[in-house]
Amino acid sequence: MSPRITQKIAFSLLFLVSLVVFIPVLFIIGILVSKGAAALTWEFIFSMPKDGMRGGGILPAIVGTLLIVLCSISIALPVGILAAVYLNEYAKDNLLTRIIQLSIVNLAGVPSIIYGLFGLAFFVIMLNLGVSVIAGALTLAIMELPSIITTTRNSLNNVPASFREVSLSLGVSRWQTIRRVVLPNALPGIMTGAILSIARIAGETAPILFTAAAFYVPHLPHSLSEQVMALPYHLYVISTQIPNMPEKITYGTALILVLLVLILSFTVIILRIFFRKRYKW
Amino acid sequence: MVVKIQVNNLNCWFKNTQVIKSLFLSILEHEILGIIGPANSGKTTFLRCLNRLNDLNPHFKSKGEILKDGRNINTIKLETLRQEIGMVFAMPISLPMSIYDNITYGAKQHGIKNKKELSGIVEESLVKASLWDEVKGRLDQPALQLSGGQQQRLCIARTLAVQPEVILFDEPCSGLDPISTAKVEETMINLKDKYTIVLVTNNVKQAARVSSRIAFFLMGELVEIDTANDIFVKPSDRRTEDYITGRFG
């Protein structure tokens, strides 16, 4: 076979493979929109559920998910970034560091239901937080730590070593070098990691099942120590537990969940563009 | 002649490879000491010993002593040492910020907050680095918009802004065109009155043009050190002669 033909075959193969990735996304969105778009009204988004959740809106679930996601990301992001900075910039290559790194890798491999059970045992019962937003957020925070640490370390590594050398050679201390040069330039990458985490935890059901999610709470939470409805769990409930559920409400709820993740990601993307403009090389 | 830096029996290793072998050397105040030699002769390693930048590499080990003004550099606070012994790198590395911020970056970290004082430092450093006239109207623009040669002079200005006593130049012109090279060389010569300069270069002619004295390194050893004139007219070692006449390296 001539090299030209081989190349053509290789390219078409690569193209087909990327299509395979694209098609499911298209189908998911397509089905959600076609079956759920009819449910999307202001009333659906901004009112309380009615008739045993067969009517009305899903506001408590939207607010609950937003609260859980924002709380958990604001716990996990600082902890994850600081841990990554320590591991990447300060830690010596010794046994302790390796044990920490090994546990991060292992933490990433733990099934989400195990996190849920851990959260129940540790946060809900042992620390006596009860089934609450804060217990769920903490559980999710632990779950997303490995990915935040890993993406942060990658973006720290992507900051050229020469920037650090220049800063240190001017007599600037290591910590100031990290604060003024390394972190600002790693920020866009760190934010990408945050987007991925948000998208992932917004849809998680198992970890909040025993720690935060309520079957039915027809009002908005007053504090973080209350249990709340959450979109993924609500979706599970209305698709399996409630007879005679109108289909459009199920799909509408799913569509809202997807849109919510999109909006959250979009906000971070806009922030990222802003920071990229400020720190460019 | 006052000895600014005295190196006594310096030995350096990366892992198990010895890269500098029992080096004795003095650097005099207000001289430009040129260091020449082929690749892997230990020139850059030596330079990075002086501001302890090698310490960043976990595989680096060294023995022997380096005295600055008679004081062992290991007993000087790291930040102070690096402020007093500045460095200009081979590639012009501007930090991704404005021209102004690049220059004030170090000074700010050393505690200078007064805006007037900072502006004064910016102008003074840029004038000394012969860049002021080219950038005075656009200090707030990103440093990365400057040409390579301008960026390298910006790096010199940035080093000057923290008020060093010694400046280490690590092949500062290796990425520059001849005209930019000439400007950087001119800057170095102008700086000689106020600073002590160590210049590592692959360019023998450059060493001849700017150095007061020249040291020839080969495979981690100092072969010969003498005034620029003597080393070119009557080198005392055969290997030096071979190198400067271009027979190897």
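Data table
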read-out	value
Chain A: angle of helix A:3-36 to the longest principal axis, Cα-based, in degrees nearest 10	40 degrees
Segment A:27-104 versus segment B:129-185: alpha-carbon centroid distance in Å	48 Å
Sequence of B:K77, A:K248 from largest to smallest accessible area, 1.4 Å probe	B:K77, A:K248
Candidate lysines for bridging to B:K77, where Cα separation is under 24 Å - those fewer than 8 sequence places away on the same chain excluded	A:K92, B:K4, B:K61, B:K63, B:K68, B:K108, B:K113, B:K194
Farthest toward positive dipole pole in segment B:1-145 [+1 Lys/Arg, -1 Asp/Glu at C-beta], among B:I20, B:I85, B:I73	B:I20
Ordering of A:3-13, A:195-205, B:99-109 by burial proxy (mean other Cβ atoms within 10 Å per residue, highest first)	B:99-109, A:195-205, A:3-13
Crossing angle, helix A:183-202 versus chain A [Cα axis fit, 0-90 degrees, rounded to tens]	20 degrees
Segment A:186-232 versus segment B:51-69: alpha-carbon centroid distance in Å	51 Å
Exposure of A:H234 as accessible area (Å², to 10), given a probe of 1.4 Å and all protein chains	10 Å²
Average beta carbon contacts from partner chains per residue of B:81-88, 10 Å cutoff	3
Computed accessible area, A:I113, all protein chains, 1.4 angstrom probe, square angstrom	70 Å²
Reduced Cα scattering model of chain B, Debye log10 I(q)/I(0), q = 0.07 Å⁻¹	-0.23
Chain A - mean residue ellipticity at 222 nm from DSSP helices (-39,500 (n - 2.57) per run, n ≥ 4, rounded to 500)	-23000 deg cm²/dmol
Inter-centroid distance (Cα atoms) of segment A:105-136 relative to segment B:83-108, Å	47 Å
Residue-averaged [θ]222 nm for chain B, counting only DSSP H segments that reach four residues, each worth -39500 (n - 2.57)	-10500 deg cm²/dmol
About the Cα centre, charge dipole magnitude for segment B:3-244 (Lys/Arg +1, Asp/Glu -1 at Cβ), debye	580 debye
Bins of 20 Å from zero: percent of alpha-carbon pairs in the protein assembly as shown	18, 37, 27, 16, 3, 0
Electrostatic dipole magnitude of segment A:40-278 [Cβ: Lys, Arg +1; Asp, Glu -1; Cα centre; debye, to 20]	820 debye
Dipole of the protein assembly as shown [Lys/Arg +1, Asp/Glu -1 at C-beta], most positive-end residue of A:S225, A:I134, A:A213	A:A213
Listed residues A:S12, A:I242, A:S173: farthest to the positive end of the dipole of the protein assembly as shown (Cβ charges)	A:S12
Most to least accessible of B:F169, B:F248 (protein chains only, probe 1.4 Å)	B:F248, B:F169
Principal-axis tilt of helix A:95-109 within chain A, Cα atoms, nearest 10 degrees	30 degrees
Over segment B:3-244, relative contact order from alpha-carbon pairs under 8 Å, at least 6 apart, %	29 percent
Segment A:35-92: trypsin sites (Lys or Arg not before Pro) in DSSP coil with no more than 13 other Cβ atoms inside 10 Å	A:K92
By accessible area with a 1.4 Å probe, ligands and nucleic acids excluded, highest first: order of B:M97, A:M229, A:M126	A:M126, B:M97, A:M229
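The values are calculated or read from the model by the stated rules, or taken from the named source; none is laboratory data. Everything numeric here is computed off the predicted structure, so don't read it as measured data. Quick reminder, even Gly has a Cβ in these numbers, built from the backbone with ideal geometry, and neighbours come from all protein chains shown. Just the protein is used for accessible areas: all its heavy atoms, side chains included, with ligands, DNA and RNA removed. Shrake-Rupley method; radii C 1.70, N 1.55, O 1.52, S 1.80 Å.
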